[in-house]
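Remarks on the structure that follows.
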Amino acid sequence: MTHTAETVEALFERPFFELLWEAHSVHRQHFDPADIQISTLLSIKTGGCPEDCGYCPQSRRYHTGVTDDALLSVDEVVAAAKRAKANGADRFCMGAAWRGPKERDLARVTEMITAIRGLGLETCATLGLLQDGQAEKLAEAGLDYYNHNLDTSPEFYGDIIRTRDYDDRLTTLGRVRKAGLKVCCGGIVGMGESRRDRAGLIAQLASLDPPPESVPINLLVRVPGTPLADAPSLEPLEFVRTIAVARMCLPKSRVRLSAGRQGMSDELQTLCFFAGANSVFAGDTLLTTPNPALATDRALFAALGLHVAKSSDAAEEAKADQEASRGGGTGQRGCA
Ligand code: SAM
Ligand code: DTB
Ligand code: SF4
């Protein structure tokens, strides 16, 4: 199915309840609507990044108070992964404030991946742009997912980032796929982009072949000192629409409510889960900014009757088994 910014924007324009109903229906066709997947995030290399991403507190170009720390040791990261596992996470994501990994750093990260895999956790890494051959090294170490976001539409991208272009990102995503890794790719909204840009981002994500298995949708965390510190806030219902349209256009992907949850009410998050979000980052810090406490999330999930998926793959396999035993295909609905 071909998606263009124009056809995706038409979905945004549907009456709110119609859009929500349609997105929820698509969601139920592909997932158990009572299931939610939890990932834990750890910043393994914080701050001092040479890139100029206008939203990011870790760029060394902006005065945000984030310090330039060294890459953590394998022991420190494995200890954090053990704590995450004890807290019920099944996927452990490691983020590094790099343009991309240097070979020496990559060697340490591959050691981390192998050790964390050995704990029985799924692994994800977000290390920036990958050079030829680096994705293969990550795959050999046992990495499951690589996160690399397109962030916004191709048209708006140059307003936010100048040190790497859209094609650089697509090249990295191609390398990740070629190495056989699963792709986690999404973007940020609330950066002052237009609805057409939000539609353009979703059209790009949906046109990746195959589409990403995980799609993080970040709501900008406006960090003082970054160029986007005073970006206009996004209307909450427009955020819900974004999640609904992402669900419709990426029916089989895990849509993750990512950065920005700390500022969201329970009711707004609930609408997002109804619209098709079925994953979150758990734990009280994302990379450098606050996130709801695990106990707060658990209370919300309990109130909504959501249960934590054992593993994203297990949940998808269970749904596929359920469909197979019903003897029917699912057919995608709605996305133009
Ligand atoms: N340095 C690597 C890179 O850029 O690919 C990996 C880490 S980077 C922090 C991962 C993602 O975090 C970015 O692509 C962006 O989507 C998201 N992000 C960063 N700062 C954010 C903010 N202030 N609000 C929301 N999302 C943010
Ligand atoms: C993603 O899309 N969002 C996460 C994860 N991938 C690495 C990171 C959000 C970072 C928010 C800003 C911060 O905490 O520094
Ligand atoms: Fe660096 Fe990633 Fe932040 Fe961009 S988003 S400044 S590449 S850490």
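Some observations on this one:
- Filtering region 35-55 to residues that are in a loop (DSSP other than H, G, I, E, B) and out of contact with any Gly (no Cβ under 8 Å at 6 or more places or on another chain) leaves Thr46, Gly47, Gly48, Pro50, Asp52, Cys53, Gly54, Tyr55.
- Of the listed requirements (1) under 14 Å from Leu228 (Cβ atoms); (2) more than 19 Å from the chain's Cα centre (by Cα); (3) β-branched (Val, Ile, Thr), Ile160 misses just one: (2).
- Residue match in region 216-232 (condition: more than 17 Å from Tyr55 (Cα to Cα) and within 16 Å of ligand 1 (Cβ to nearest atom)): no
- Residue in region 71-99 that is farthest from ligand 3 (Cβ to nearest atom), counting only those that are under 21 Å from the mean Cα position of the chain (by Cα) and farther than 23 Å from Gln58 by Cα: Gly88
- Flag for Ala80 being surrounded by fewer than 15 Cβ atoms within 10 Å (Cβ to Cβ) and more than 25 Å from Ser207 (Cα to Cα): no
- Among the candidates Ala246, Ala259, residue that is closer than 30 Å to Asp144 by Cβ, within 16 Å of ligand 2 (Cβ to nearest atom) and assigned to a loop (DSSP other than H, G, I, E, B): Ala259
- Considering residues of region 20-75 that are of a type in the set (S, T, N, Q) and free of Cβ contacts under 8 Å to residues at least 60 places away in the same chain only, the residue farthest from ligand 1 (Cβ to nearest atom): Ser73
- Restricting Ala336, Ala320, Ala302 to residues that are modelled with pLDDT under 95 and in a helix (DSSP H, G or I) narrows the list to Ala320.
- When residues of region 202-243 are limited to those that are of a type in the set (Ser, Thr, Tyr) and in a helix (DSSP H, G or I), the one farthest from Cys185 (Cα to Cα): Thr242
Quick grid of which residues meet (1) within 14 Å of ligand 2 (Cβ to nearest atom); (2) of a type in the set (A, V, I, L, M, F, W, C); (3) crowded, with 20+ Cβ neighbours inside 10 Å; (4) part of a strand (DSSP E or B):
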{"position": "Arg14", "(1), (2), (3), (4)": "no, no, no, no"}
{"position": "Glu22", "(1), (2), (3), (4)": "no, no, yes, no"}
{"position": "Arg28", "(1), (2), (3), (4)": "no, no, no, no"}
{"position": "Pro33", "(1), (2), (3), (4)": "no, no, no, no"}
{"position": "Pro57", "(1), (2), (3), (4)": "yes, no, yes, no"}
{"position": "Thr64", "(1), (2), (3), (4)": "yes, no, no, no"}
{"position": "Ile116", "(1), (2), (3), (4)": "no, yes, yes, no"}
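- Candidate set from region 270-299 (those that are of a type in the set (Val, Ile, Thr) and more than 16 Å from ligand 3 (Cβ to nearest atom)); member that is modelled with the highest pLDDT: Thr270
- Scan of region 35-52 for residues that are within 16 Å of ligand 3 (Cβ to nearest atom), more than 25 Å from Met112 (Cα to Cα) and crowded, with 22+ Cβ neighbours inside 10 Å, ordered by number: none
- Cys124, sole failed condition from (1) within 16 Å of ligand 1 (Cβ to nearest atom); (2) exposed (fewer than 15 other Cβ atoms within 10 Å of the Cβ); (3) not hydroxyl-bearing (Ser, Thr, Tyr): (2)
- Residues within region 187-201 that are assigned to a helix (DSSP H, G or I) and surrounded by 24 or more Cβ atoms within 10 Å (Cβ to Cβ), tallied: 4
- Enumeration of residues in region 66-114 that are assigned to a loop (DSSP other than H, G, I, E, B) and either among the hydrophobic types (A, V, I, L, M, F, W, C) or closer than 20 Å to Ser39 by Cβ (or both): Val66, Ala70, Leu71, Leu72, Asn87, Gly88, Ala89, Asp90, Ala97, Trp98
- Residue list for region 267-292, restricted to those being under 29 Å from Gly48 (Cβ atoms) and in a loop (DSSP other than H, G, I, E, B): Gly283, Asp284, Leu286, Leu287, Thr288, Thr289, Asn291, Pro292
- Which listed residue, of Tyr146, Tyr157, is part of a helix (DSSP H, G or I), without any contact (Cβ under 8 Å) to a residue 60 or more places away in the chain and touching a helix residue (DSSP H, G or I) at 6+ places or on another chain (Cβ under 8 Å): Tyr157
- Pairs are defined by a Cβ separation below 6 Å, a sequence spacing of at least 6 or placement on different chains, a first member in region 196-210 that is under 15 Å from Pro251 (Cβ atoms) and touching a residue at least 12 places away in the same chain (Cβ under 8 Å), and a second member that is among the β-branched types (Val, Ile, Thr) and in a helix (DSSP H, G or I); the pairs so defined are Ile202/Val8; Ile202/Val245; Ala203/Val8.
The values are calculated or read from the model by the stated rules, or taken from the named source; none is laboratory data. Bear in mind that the values here come from a model prediction, so they are computed numbers and not experimental data. Here Cβ is always computed from backbone atoms with ideal geometry, including for glycine, and neighbour counts include all displayed protein chains.
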